[in-house]
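S.K.: I have a structure here, written as structure tokens, and I will follow up with some questions on it.
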Amino acid sequence: MAERIDVGLIGATGTVGVRLAELLSGHPWFRLAEVGASASSAGRAYGAALADLAEPSRGSLSKDLLDLHLKTADEPWASPLLLSALPGNAALAAEEELAGRGHVIVSNASSYRMDPAVPLIIPEVNADHLGLLDAQAERWPGAIVTNPNCAVVGLALALAPLHQVFGVGAVTVTTLQGVSGAGRPGPAAADLLGNVLPFIAGEEEKLASEPQKILGEYANGKVHPAEFPVSAHTHRVPVAHGHLLAVSVKLKRPAGPEEVEAALSSFEGGIVDLDLPTAPERVLRVLADDERPQPTLDRDRGAGMTVSVGRVRQCETLDVKFSALVHNLIRGAAGAALLNAELCLVRGVVGGGDRG
């Protein structure tokens, strides 16, 4: 990329927004030029707002970034590409308005993930779903592209080679999800100390619906979702970062653990030739040790962008079962959005700016 392009970051003071700012700092293709937050923070320096939040990551950001002044989503934005780390309720109206002004919005929010005209992208799995953007042209001059829920990313990436080689017939998944996935302020320490919370609002519904769209077939201008049920159980556990998933899969063409492990190990995804800066060398890593993957040991593999899989074995009720680990803040959120932004750039989606 000969020259970096300006990007804006909406929701810059949240957990995912700060991690996105870190990843954008020194990015070879993008220059973080604008930052936004809620109306209560508008006009303040980014660094001052992070200091009030006692955000430890502010120390990794350059003075130029910390000196940027926060704006609201409804103010004018100059950058053609906007990364959104807004919560779902705020994202619904703000992202539509900004797309209406001609911006390309790459969103981590859940608001538009299941919209039939909005691609729900994991670049290694379904980059061709960007074709859905043609259907958005009647609604706004810009575009909205989304990445999946933080636990869904790990599940969908692990299922992708199995669906490709054997076909997926049914899935059960139990998640053990790190505290940072709850955002700020998150659960009270007293609720999690020596404890597990057996419910996370909205998570089971996302696990039950998003993988089918991601693994669906794009044809005739539409995504035809894959047809398999997902039964999900979600838990919040006292781990800082990392979502561990226990997965059992019914395959359409039965296969043993050795064949399944081979399919997982050989999976490269469909973007290996694009040289996207955030893409890991290996998107899936199968670990041989029976005690892996573990969040503290494996969540940062591939700079947090690799999903680690272990304990691939026969399932007594379905066909095969395994554990999968995803870094919820990087592969599951900030890194996923940034990788989608890189894909949008190389595929020619980004251009223009605020045309409103």
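S.K.: What are the residue pairs meeting all of these: first residue in region 203-214, first residue open to solvent by 20 Å² or more (accessible area, probe 1.4 Å), second residue assigned to a helix (DSSP H, G or I), Cβ atoms under 6 Å, and 6 or more apart or on different chains?
M.R.: Short answer, once both residue conditions are applied: K206/V152.
S.K.: Is region 180-203 home to any residue that is outside any strand (DSSP E or B), charged (D, E, K, R) and closer than 16 Å to R113 by Cα?
M.R.: Residues of region 180-203 outside any strand (DSSP E or B): 180-196, 198-203.
Still in the list and also charged (D, E, K, R): 184, 191, 203.
Cutting the leftovers down to closer than 16 Å to R113 by Cα gives us 203.
Checked against the condition, which is being outside any strand (DSSP E or B), charged (D, E, K, R) and closer than 16 Å to R113 by Cα, region 180-203 yields at least one hit.
S.K.: May I ask you to list pairs of residues, at least six apart or on different chains, whose Cβ atoms are under 6 Å apart, with the first in region 313-337 being assigned to a helix (DSSP H, G or I) and the second being polar (S, T, N, Q) and open to solvent by 10 Å² or more (accessible area, probe 1.4 Å)?
M.R.: Matching pairs, first to second residue: A333/N108; G335/T278; A337/N108.
S.K.: Scan region 89-102 for residues that are free of Cβ contacts under 8 Å to residues at least 60 places away in the same chain and either open to solvent by 30 Å² or more (accessible area, probe 1.4 Å) or hydroxyl-bearing (S, T, Y) (or both) and jot them down.
M.R.: N89, L92, A93, E96, E97
For (1) part of a helix (DSSP H, G or I); (2) open to solvent by less than 40 Å² (accessible area, probe 1.4 Å), each residue gets a yes or a no:
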residue: G17; (1), (2): yes, yes
residue: L20; (1), (2): yes, yes
residue: H27; (1), (2): no, yes
residue: R31; (1), (2): no, no
residue: A51; (1), (2): yes, no
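S.K.: Quick check on A208: is it more than 18 Å from the chain's Cα centre (by Cα) and closer than 25 Å to K250 by Cα?
M.R.: Numbers: more than 18 Å from the chain's Cα centre (by Cα): no; closer than 25 Å to K250 by Cα: yes.
For A208, the condition - more than 18 Å from the chain's Cα centre (by Cα) and closer than 25 Å to K250 by Cα - is not met.
S.K.: If you don't mind, another one. Quick one: which of A117, A91, A127, A137 is of a type outside the set (K, R) and touching a strand residue (DSSP E or B) at 6+ places or on another chain (Cβ under 7 Å)?
M.R.: Details: A117 fails: touching a strand residue (DSSP E or B) at 6+ places or on another chain (Cβ under 7 Å); A127 fails: touching a strand residue (DSSP E or B) at 6+ places or on another chain (Cβ under 7 Å); A137 fails: touching a strand residue (DSSP E or B) at 6+ places or on another chain (Cβ under 7 Å).
None of the other options fit; the residue is A91.
S.K.: Please pick out the residue among R299, R347 that is more than 19 Å from V247 (Cβ to Cβ) and open to solvent by 40 Å² or more (accessible area, probe 1.4 Å).
M.R.: Matching residue, one of R299, R347: R347.
S.K.: Still on this structure: If we scan region 5-13, do we find a residue that is of a type in the set (D, E, K, R) and either surrounded by fewer than 18 Cβ atoms within 10 Å (Cβ to Cβ) or farther than 20 Å from H103 by Cβ (or both)?
M.R.: Initially, region 5-13 is screened for residues of a type in the set (D, E, K, R), giving 6.
Checking the rest, the ones that are also either surrounded by fewer than 18 Cβ atoms within 10 Å (Cβ to Cβ) or farther than 20 Å from H103 by Cβ (or both) come to 6.
Scanning region 5-13 turns up at least one residue that is of a type in the set (D, E, K, R) and either surrounded by fewer than 18 Cβ atoms within 10 Å (Cβ to Cβ) or farther than 20 Å from H103 by Cβ (or both).
S.K.: Okay, moving on. For region 260-286, what are the residues that are of a type in the set (D, E, K, R), open to solvent by 60 Å² or more (accessible area, probe 1.4 Å) and without any contact (Cβ under 8 Å) to a residue 40 or more places away in the chain?
M.R.: Quick first cut of region 260-286, residues of a type in the set (D, E, K, R) only: 261, 268, 273, 275, 281-282, 285.
Subsequent filtering for residues that are open to solvent by 60 Å² or more (accessible area, probe 1.4 Å) retains 261, 268, 273, 275, 281, 285.
Once the filter is applied, which keeps residues that are of a type in the set (D, E, K, R), open to solvent by 60 Å² or more (accessible area, probe 1.4 Å) and without any contact (Cβ under 8 Å) to a residue 40 or more places away in the chain, region 260-286 yields D273, D275, E281, R285.
S.K.: Within region 166-179, which residues are part of a strand (DSSP E or B), farther than 27 Å from L53 by Cα and either open to solvent by less than 40 Å² (accessible area, probe 1.4 Å) or acidic (D, E) (or both)?
M.R.: If the condition is that a residue be part of a strand (DSSP E or B), farther than 27 Å from L53 by Cα and either open to solvent by less than 40 Å² (accessible area, probe 1.4 Å) or acidic (D, E) (or both), then V168, G169, A170, V171, V173, T175 are the ones that fit.
The values are calculated or read from the model by the stated rules, or taken from the named source; none is laboratory data. Owing to the predicted nature of the structure, the values given are computational and were not obtained by experimental measurement. Here Cβ is always computed from backbone atoms with ideal geometry, including for glycine, and neighbour counts include all displayed protein chains. Just so you know, the surface numbers come from the protein's heavy atoms only, side chains and all, with ligands and any DNA or RNA stripped out. Shrake-Rupley method; radii C 1.70, N 1.55, O 1.52, S 1.80 Å.
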